[in-house]
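Take a look at the structure set out below.
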Amino acid sequence: MKPADLILRSIRPTIINSYVIEKIEIDLKHVNYGLDHKKGYGRKARSSFEAEDIIRFFESLNGLEVGFEAEDQWEYFIVDKPFFEKRKKYRMVFCIDRNEPSITGIITFFQIKRGDK
């Protein structure tokens, strides 16, 4: 089920595998607060990304061929990539509904710390 407060934005057409993505839905609360499996979203911010940061990162994936996990009509992707200042590595988790392949859902985005896998 989709969260109620997703941010929907148009982006430059971005090709991931054979999909041409033109819009993204961002769960910015999940991105910035993470999830606590018992309480829902975390209570303390872990980052302060804005929608424009997420869009820039996603658009930088243009032309990417990446493996995915499939579940029903959904494909789930995990991408680790250096980006932003000092080329720190970030992880983005997103999904594509095969019934609406021009839209991707950004599930989460965070900086990978040393020791994270």
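Looking at residue 72, is it without any contact (Cβ under 8 Å) to a residue 12 or more places away in the chain and either more than 18 Å from residue 7 (Cβ to Cβ) or surrounded by 11 or more Cβ atoms within 10 Å (Cβ to Cβ) (or both)?
On the way: without any contact (Cβ under 8 Å) to a residue 12 or more places away in the chain: yes; either more than 18 Å from residue 7 (Cβ to Cβ) or surrounded by 11 or more Cβ atoms within 10 Å (Cβ to Cβ) (or both): yes.
Answer is yes for this residue.
When segment 1-48 is examined, which residues are found to be part of a loop (DSSP other than H, G, I, E, B) and buried (at least 18 other Cβ atoms within 10 Å of the Cβ)?
The one that is part of a loop (DSSP other than H, G, I, E, B) and buried (at least 18 other Cβ atoms within 10 Å of the Cβ): 27.
Residue-by-condition table, conditions (1) open to solvent by 30 Å² or more (accessible area, probe 1.4 Å); (2) assigned to a loop (DSSP other than H, G, I, E, B); (3) under 19 Å from residue 34 (Cβ atoms):
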| site | (1), (2), (3) |
| --- | --- |
| 54 | no, no, yes |
| 57 | no, no, yes |
| 67 | yes, yes, no |
| 79 | no, no, yes |
| 82 | yes, no, no |
| 89 | yes, no, yes |
| 100 | yes, yes, no |
| 106 | no, no, yes |
| 109 | no, no, yes |
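The values are calculated or read from the model by the stated rules, or taken from the named source; none is laboratory data. This structure is a prediction, so every number in the text was calculated from the model and none was measured. Note that we place each Cβ from the backbone using ideal geometry, even for glycine, and neighbour counts take in every protein chain shown. Ligands, DNA and RNA are excluded from the accessible area calculation, which covers all protein heavy atoms including side chains. Shrake-Rupley method; radii C 1.70, N 1.55, O 1.52, S 1.80 Å.
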